[in-house]
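None of the figures in this text is laboratory data; all of them are computed from the coordinates on show. The structure presented is a predicted model; accordingly, all values stated were derived computationally and were not measured. Reconstructed Cβ throughout: ideal geometry from the backbone, glycine too, with neighbour counts over all protein chains shown.
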Amino acid sequence: MLIIQDILVSEEIIEEQFACDLNACKGACCVEGDYGAPLDTDEMALIEKYKDIILDNLPERSREYLKNNSGFEFYSEYKVWGTSCHDDGACVFMTRNDLGIAMCGIEKTWREGNIPFQKPISCHLYPIRISTNEFVGFEAWNYDRWDICSAACDRGKKESIPLYKFVKDAIVRKKGEAFYEELDAAAQNMKNQSN
């Protein structure tokens, strides 16, 4: 583990190669899983604030669901708040593009310039997962391996894209440019030591 600004960062985030291949996976991470995208309280407030605008970019079943529900819930088994999911596992904020690839309706609305909120940071950072222990007071960043991302691993290796570089925009969004620069410097140092 590395320590970057008091955050524990798994070395796998630097060492592993990764680049989403949506043509291969069709956005399966929006459809499969044990629970919805983790959310913080600020994100839940933003979703609630802009829900009526986001609805325009969602399929009918999600619009119907969100008329009577907040769109997020507490997953007690995992002790995390997250987006709600339909019975088939799909996130209620998921839509599909013309090619049938799953995409975030929140992000689609943001790209259209209608809301200031891009999408949950947990989705933007994926496959990095953040765990916190408020009692001890630490935050840890780990690589979440999932077989549905095998095409992303293959593409990352083919194109030599380290995971942390693939999610650079998300890291900067979450922790700022200085954090990313420190992480990149640590990665370069690890690379030089291994040569």
For 73-81, 87-95, ranked highest to lowest by mean beta-carbon neighbours within 10 Å, the order is 87-95, 73-81
Per the helix-only model, the chain has a calculated mean residue ellipticity at 222 nm (DSSP H runs of ≥4, -39500 (n - 2.57) each, divided over all residues, rounded to the nearest 500) of -11500 deg cm²/dmol
Computed over the chain, the Cα gyration tensor eigenvalues, each multiplied by 5 and square-rooted, give semi-axes in Å (largest first) of 30, 20, 15
Env charge @ Trp146, Cβ radius under 13 Å, K,R +1 / D,E -1, value -3
Taking every DSSP bridge whose two residues both lie in the chain, the antiparallel percent to the nearest 5 is 85
So, relative contact order of segment 33-126 in percent, Cα under 8 Å, 6 or more apart, is 33
The Cα extents of segment 33-126 along the principal axes, largest first and rounded to whole Å, are 35, 29, 27
So, over other residues within a Cβ distance under 10 Å of Gly156, counting Lys, Arg +1 and Asp, Glu -1, the net charge is 0
The relative contact order of the chain, taking Cα pairs under 8 Å that sit 6 or more residues apart, comes to a percentage of 32
Expected unfolding gain across Thr41-Tyr75 under the 0.36 nm per residue rule, minus the alpha-carbon gap, is 10.8 nm
Rounded to one decimal in nm, the spacing of the 7 Å Cα→Cβ label points at Asp98 and Asp52 is 3.1
